[in-house]
Every structure is written in structure tokens, then in C-alpha cells.
Amino acid sequence: MARNFLFLLGSTRSGGNTEALARQAAEQLPAGDTARWLNLADLELPAFRDRRHGEQRDQAAPTGDAATLLEATLEATDLVIASPLYWYSVTTPVKHYLDHWVNWLYTPELDFRQRMAGSTLWGVTVLAGRDHSVADPLVGTLRHSAAYLGLGWGGVLLGSATRPGEIAHDTEAAARAKTFFGTPPLSSAPGSATRA
């Protein structure tokens, strides 16, 4: 069955190492699979307001870029969060996107949780240095988010680079990128964090 991948770029600059590694992995998608790319920093999303327990608990359906992002999310069989490691976790645009999941969950007509069932969440990140354990908070954020929503967990493709373009020298990451999306999803339980 063909898969519909949504690549969500979380960097605040284009063409970075994380995006390059994600594109390397996407080049290996089988014929018939589709890939859509959205740069989260380019989307104008409303500020997140948590109304789960207030008087305005029910959310209005999103409009504008938020509606575009929601539609793309719901259409995807596979969500790929491509976020550089910033302060040991996901970037601000990625966190803002995940916050909007809360609003979508509390918009009754969206049936967000039910419509997301069967989708798989993946991650791609590049960090400075070879100690990939420093990315554990990022991995945990994505893995637990997948578990909370009942998504399959694809794992995180990790690479090492500092300056722009340096990911081209990480031959181990390039080798993992060739098979990353061809492997079946992992359990979202602790201990199934990465595909390093």
C-alpha cells in the first residue's frame, strides 16, 4: 500500500543539515509513496491558548495556514518531524505544532485522534558531536507524543554535524538514511527510541 509522507521542517533556517538528512532518507521512498514538505517556520499559526478546562473548551475549526497544516497532517500516513536539536529538544516551531494537537483534539467535529489512528510518527535530527544520547529529550518528546495519540512510532534518524553542509561527511547517517523509512514502525514504549 502506498504511503503519504508529510515532512515537517522545524528549523528556522532553510537548507540546514537536518533538512538535508531528511531529504536523503526521502530519496529512498519506494515508487508510489508521496512526500509533501512544509516548513513550519513559514506558516502563520495562531498563538496557542490552552482552553481544555475553561469556559471556551470547544475549539473553532482552524483557518488559514493552521487549516492547511491540519489537512496535511490528517492526510498523511506518515508524519516526519525534521527538527534540529535545540537545547536538547525540538525547535520552537515543532513545539508550537505539537501544542496545536491539543486544540485539534478538543475540536469535536475534527475527530482528530480517530482520524490519526494508523499513522506513524518519525523523527530526523542532526546534532553537534557524536554523543547521540544528548538527543534523548527530543526523542522522548516525539515518542511520547506518538504514544499519547496512539500513533505508530518509526524512531529517529540521527546525524552529526555543526556547520552548514557538514552532514555530507556523516557517512553513518547517510547509510542509515537509505533504509530508515523501509523499516517497520517500532513500539512507542520506552526503550524503542532511535535507529542509530
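Laboratory data are not the source of any read-out in this text; all were calculated from the coordinates shown. Everything numeric in this text was worked out from a predicted model, so none of it was measured. Cβ atoms come from the backbone with ideal geometry, glycine included; neighbour counts cover every protein chain shown.
With a Förster radius of 25 Å, plug the Cβ-Cβ distance of Thr12 and Phe48 into 1/(1 + (r/R0)^6) and report the FRET value to the nearest 0.05.
0.90
Which of the listed residues, Thr183, Val90, Pro62, is farthest toward the dipole's positive end in the chain, when Lys, Arg count +1 and Asp, Glu count -1 at the beta-carbon?
Result: Thr183.
So how far apart, in nm, are the two label points at Ala128 and Asn4 if each is 7 Å from Cα heading toward Cβ?
Result: 4.0 nm between the two label points.
Where nothing but the Cβ of Lys and Arg (+1) and of Asp and Glu (-1) is charged, how large is the charge dipole of region 4-182 around its Cα centre, in debye to the nearest 20?
The calculation lands at about 280 debye.
With +1 on the Cβ of every Lys and Arg and -1 on the Cβ of every Asp and Glu, and nothing else charged, how large is the dipole of region 83-139 about its Cα centre, in debye rounded to the nearest 20?
80 debye
Taking the simple approach of a point 7 Å from Cα along Cα-to-Cβ for both Asp99 and Gln114, what is their distance in nm?
2.9 nm
Restricting attention to the alpha-carbon atoms of the chain, what are Rg (one decimal) and Dmax (integer), both in Å?
Final numbers for Rg and Dmax: 16.3, 54 Å.
How large, in Å, is region 76-136 by the Kirkwood hydrodynamic radius built from its alpha-carbon pairs?
By the Kirkwood definition, the hydrodynamic radius is 13.3 Å.
Given the options Asn103, Gly129, Leu149, identify the residue whose Cα lies farthest towards the positive end of the charge dipole of the chain (+1 on Cβ of Lys, Arg; -1 on Cβ of Asp, Glu).
Going by the charge dipole, the pick is Gly129.
Taking H placed 1.01 Å from N in the peptide plane, check which residues at least 5 places from Ser119 or on another chain put their amide H under 5 Å from its amide H.
Placed amide hydrogens put Gly152 under 5 Å from Ser119.
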